[in-house]
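The values are calculated or read from the model by the stated rules, or taken from the named source; none is laboratory data. Being a predicted model, the structure only gives us computed values, none of them experimental. FYI the Cβ positions are ideal-geometry reconstructions off the backbone, even for glycines, and counts take in every protein chain you see.
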Amino acid sequence: MRILVIGGTLFIGKQLVKRLLAAEHDVTVLHRKGEHPFGKRVRNALADRNDAATVRTALTGQKFDAVYDFAYDWERGTTGQQVEACARAIPGDLTRYIFMSSVAAYGDGLNHAEDEPLASEAHENPYVRNKASSERALFRMFHESKFPVVTMRPPFVYGPENPFYREAFFWDRLKAGRTIIIPGDGNRLMQFVYVNDLVEACIRALDKNTAPGRAFNVADEKALTQIEVVNAFAKAAGREAEMVKVPRGMIARAGGNAFGDPMYFGEYYDVPPITMLIGRVKRVFNMTLTPFADGLKETYKHWQRHGEDRKPDFKLEDDLIRQARELPIMRA
């Protein structure tokens, strides 16, 4: 098949392109850079996915059978209107348009099924609004003209070459013998998906006739508390984690950041929980999802061989740990 991958040079997209090449597909990557890491087998299309006119120009003279849309502009956002305009600008008689959405499209809450309403246009978080509005636009196209959209809704994606400072955040601290900060009571839920499983679902969506017009939650079935997550990271590294609970108010007053430096619990890891039910992806794609412990073992092996040699600044964490240990012990 002639396949266009919008994005495709980082993490999920990179693994997807490798799988597509192994299956002998004809692949073009569309992104904002003049080169990519895949060699001559993959064509490069230079365009801004938020600008449909540049997409149309970059793809002049080409035709595609399928599209994977994985690119989101983290600086400016990518709206539903921009996703729809980009989709309409792609030449060819498409049989699939596979869009990478997110669990965030639900907005908030626990145990969401795929057919539940998504977050409203009034949601305060622009990423949530954009993912939800993008799905609504694409599914509207499906209902109007049978546009062959399939959407994927992963939670936290983990695995080798994760560009976010997440798994490595904890392994750096465990390696250094440091105490891990647990925000609040540590019971906030988190749900994960191994990158290989997410890519596998995307591959299977390519030729599954019952996939178009549907969304798929792709994740580990069991959500974990933050304490359970840290223990899982430690077990994968063959260590035991020493933890200290720190009130979120104390973290906020000290300047702790969930999204960038100075971080206290991995990049974007301490956010209100959104979890979802898994079942459709197993039934429709006949998939067996990787247990969290198994995926972490493989990820840790890769981190040992290829992990970035970071030198984190632990000042914030040291201050918070000291303050937390000085808090009076509440007795019943």
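Looking across the range 80-103 at every residue that is touching a Phe, Trp or Tyr at 6+ places or on another chain (Cβ under 8 Å) and surrounded by fewer than 20 Cβ atoms within 10 Å (Cβ to Cβ), the one that is nearest to Arg140 (Cα to Cα) is identified as Leu94.
Answer with yes or no whether Val244 is in a strand (DSSP E or B) and closer than 27 Å to Glu326 by Cβ. Yes. Go through Glu135, Glu161, Glu121, Glu144 for me and flag whichever is within 21 Å of Phe292 (Cβ to Cβ) and of a type in the set (Asp, Glu). Being within 21 Å of Phe292 (Cβ to Cβ) and of a type in the set (Asp, Glu) holds for just one of Glu135, Glu161, Glu121, Glu144, which is Glu161.
This table checks each residue for (1) assigned to a helix (DSSP H, G or I); (2) buried (at least 19 other Cβ atoms within 10 Å of the Cβ).
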| residue | (1), (2) |
| --- | --- |
| Arg56 | yes, no |
| Thr60 | no, no |
| Tyr68 | no, yes |
| Thr78 | no, yes |
| Ala105 | yes, yes |
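If only one of Gly77, Gly61 is more than 21 Å from Val199 (Cα to Cα), small (Gly, Ala, Ser) and within 16 Å of the chain's Cα centre (by Cα), which one is it? Gly77 is the lone residue from the list that is more than 21 Å from Val199 (Cα to Cα), small (Gly, Ala, Ser) and within 16 Å of the chain's Cα centre (by Cα). Only residues that are buried (at least 19 other Cβ atoms within 10 Å of the Cβ) and acidic (Asp, Glu) were counted in the range 182-208, giving 2. Restricting attention to the range 29-54 and to residues that are assigned to a strand (DSSP E or B) and not basic (Lys, Arg), the residue that is nearest to Met1 (Cα to Cα) turns out to be Val29. Number of residues in the range 23-54 that are farther than 19 Å from Ile90 by Cα and either within 23 Å of the chain's Cα centre (by Cα) or outside the structural domain of Trp74 (by TED's automatic domain parsing) (or both): the value is 3.
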